[in-house]
Amino acid sequence: MDITAYLDRINYYGPLAPTAETLWELQVAHLLTVPFENLSIHARQPIVLDDNALFEKIVRRRRGGFCYEANGLFAALLRALGFDVTMLSAGVANPEEGYEYSDYEGMCLYHQTSPQSHFTRGRICSRATPDGRVTLSEMRLIKTGNGERQERALKNEEEYAATLREYFGIALID
């Protein structure tokens, strides 16, 4: 993993010692810059749970991802920095194993293919801001901050693409 490129992607230039304070600062930086999004699912692009594939998508192509992707790559960063990381998920698992990507493959496949999954029902892209959150839910832009909510309907796919670029730095050219 190219730690410098990842830290540049999340605009983090603080301490790297594996401490609780560093963990907090890294997590905030990650939440402020890496969007939670399911756009690959709607573009019919498979989700590959692999550090290299996730690094390429999230860091090199400056995309986001849904929970398996963003949390998985963040765990890889923490491991590379010397943190002791255990990936956990709710459900029955073998306690002898270490909550590897293979532990998530079944549910990841379900979430990206099942008609019952809320991820297949509509596009979403969301990220934290210093005072709230900005979310693109299908054709609605929702901004919350300082206890206030603003919502605006987008007119067309061109405005959708422009909004992805402006608020999330995402250009869907894959």
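Annotations for the structure displayed:
- At 0.890 mPa s and 25 °C, Stokes diffusion of region 129-174 via Kirkwood alpha-carbon radius, µm² per second: 220
- In percent, rounded to a whole number, the relative contact order of the chain is 20, using alpha-carbon pairs under 8 Å and six or more apart.
- Working note: Karplus 6.51/-1.76/1.60 with θ = phi - 60° gives region 165-172 the couplings 5, 5, 9, 10, x, 9, 10, 7 Hz, where Gly and Pro are set to x.
- Test item: Cα-centred dipole of the chain, Lys/Arg +1 and Asp/Glu -1 on Cβ, debye: 760
- Global form of region 3-121, assessed from the alpha-carbon gyration tensor, a/c cut-off 1.5: oblate
- Subtracting the Cα-Cα distance of Arg61 and Ala80 from their residue separation scaled by 0.36 nm leaves 4.8 nm.
- Residue of Arg149, Arg79, Arg61 that the Gaussian network model of the chain assigns the largest fluctuation, springs spanning Cα pairs under 10 Å: Arg149
- Overall Cα dimensions of region 24-63 - principal axes, largest extent first, Å: 33, 20, 15
- Take the Cα of Arg140, go 7 Å toward its beta carbon, and the backbone nitrogen atoms of region 151-174 under 15 Å from that spot belong to 151-155.
- Among residues other than Glu138 with Cβ under 10 Å from its Cβ, the summed charge is +3 (Lys and Arg +1, Asp and Glu -1).
Every number here is computed from the coordinates shown, using simple stated rules; none is lab data. Treat the numbers as computed from the prediction; the structure is a model and nothing was measured. Glycine also receives a Cβ, built like all others from the backbone with ideal geometry; neighbour counts cover every protein chain displayed.
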